[in-house]
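Since the structure comes first, as structure tokens, the remarks are kept for the end.
None of the figures in this text is laboratory data; all of them are computed from the coordinates on show. This structure is a prediction, so every number in the text was calculated from the model and none was measured. Note that we place each Cβ from the backbone using ideal geometry, even for glycine, and neighbour counts take in every protein chain shown.
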């Protein structure tokens, strides 16, 4: 089952249960004489408004993420927490300082407790029912996630047996990958040995692997790092058996699904609500910049056309999140055919290929403005690691360990490395900027993004860009 289908089922379940809850609660209030107006049209309109409130809240609190994260008990507890937060917010918004403070809360206000109870029971039941059906489908072999096991010893085979005994985990084991340099052919219970760590990245992409379970022997730090390096930049989940926890302490999150203990490597970087808020902020800010200042961008476009021969915009292939290739768009700041003159090279401070206007655009960072179109398309974010060309990504992935970890998030128009570092002029410069990128990945938050944006505005206003 596709993630989009799973989320759609969640949305439908919540839509039905939230609206039924509101209508039942209104019926209860009406029967107790607390409604002064009982127009069905008005109640229906209020129901839509209330549903949109819960939809946004649930999205912010992460109730629409992957099915494979929680058990049914965890799901119900998450619903209780979210409904409690939502009902408390509704209570605060509808609080009347004059009436509710001067005298004890009337029964009509206390009935919000009954709304909380109905929400917990109906929404929770709807979601548990969906998870139960989904679990039955998984047990029947429908909708499982294609999975590789890293290892070819007793531990890996024991892990396979345990996974096989727990079909509700949703793992469909399609093969083993050995950590030995010279793998031999073989299979375990008709599941083949597909190769070694050297070809893990190619295997993940070729067979559309969704999960990688690591069952390496002890003292396998080097092999574990190689697994992470090979899988960085791919949309796979990484999990290991618990006894390797001490190897990568501080970089993991423990999950226990259906009583099956696994440790997740490289977990989600931002809380779900911050991720949603970041994306909404990207869209709103991009529209504001592109539309609100469109007369200025029109003048810049005209100036580029007058200043030098060639197109107004410059496009180039870049590597985005999870290794996706997309076309980045900028205002042209170099002479026509600049890269044909030199081949793929990093830009420098006084790059002779830049036009007279291009130098000014770069100093003010105005050449970056068309990238807000990439932000609207979902290929970029306002803040994130700087996007790089495929040629350099492949080169740097081989030269710098964990370089591909930058591909776990959308690249950004600006970022911590951009405001702290300089132009990439050598491999050593790239290593230094990678440290800034990894720092950002480990500390991603809306507060961090705001700090980077303020730094970027200072650089633009002071004309200190390159």
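Determine the gain in length on full extension of the stretch residue 360-residue 41; use 0.36 nm per residue of separation and subtract their C-alpha separation, reporting nm with one decimal.
Gain on extension, residue 360 to residue 41, equals 109.0 nm.
At a 10 Å Cβ-Cβ cut-off, how would you order 18, 461, 90, fewest neighbours first?
461, 90, 18
Which order do the peptides 382-389, 152-159 take when ranked by the mean count of other beta-carbon atoms within 10 Å per residue, highest first?
By packing density, highest mean first, the sequence is 382-389, 152-159.
Run the quick spin-label model on residue 8 and residue 284: label points 7 Å from Cα toward the beta carbon, then report their separation in nm to one decimal.
2.9 nm
Taking the Cβ of each residue in 146, 206 as the centre, tally the other Cβ atoms inside 10 Å and list the residues starting with the fewest.
206, 146
Among 194, 189, 395, rank each residue by its count of other Cβ atoms within 10 Å, from fewest to most, as a rough exposure measure.
The order, fewest Cβ neighbours first, is 189, 395, 194.
Quick check: pseudo-label points 7 Å beyond the Cα along Cα→Cβ at residue 85 and residue 298, how many nm apart are they?
4.4 nm
Could you calculate the contour length gain from residue 316 to residue 133, that is, 0.36 nm times the residue separation minus the distance between their Cα atoms, to one decimal place in nm?
61.3 nm
Each label point is 7 Å from the Cα along the Cα-to-Cβ direction; what then is the distance between the points at residue 184 and residue 454, in nm?
6.3 nm
Take residue 31, project a point 7 Å from its Cα along the Cβ direction, then tell me which residues of the stretch 119-141 have their backbone nitrogen under 20 Å from it.
Inside the label zone: 119-123.
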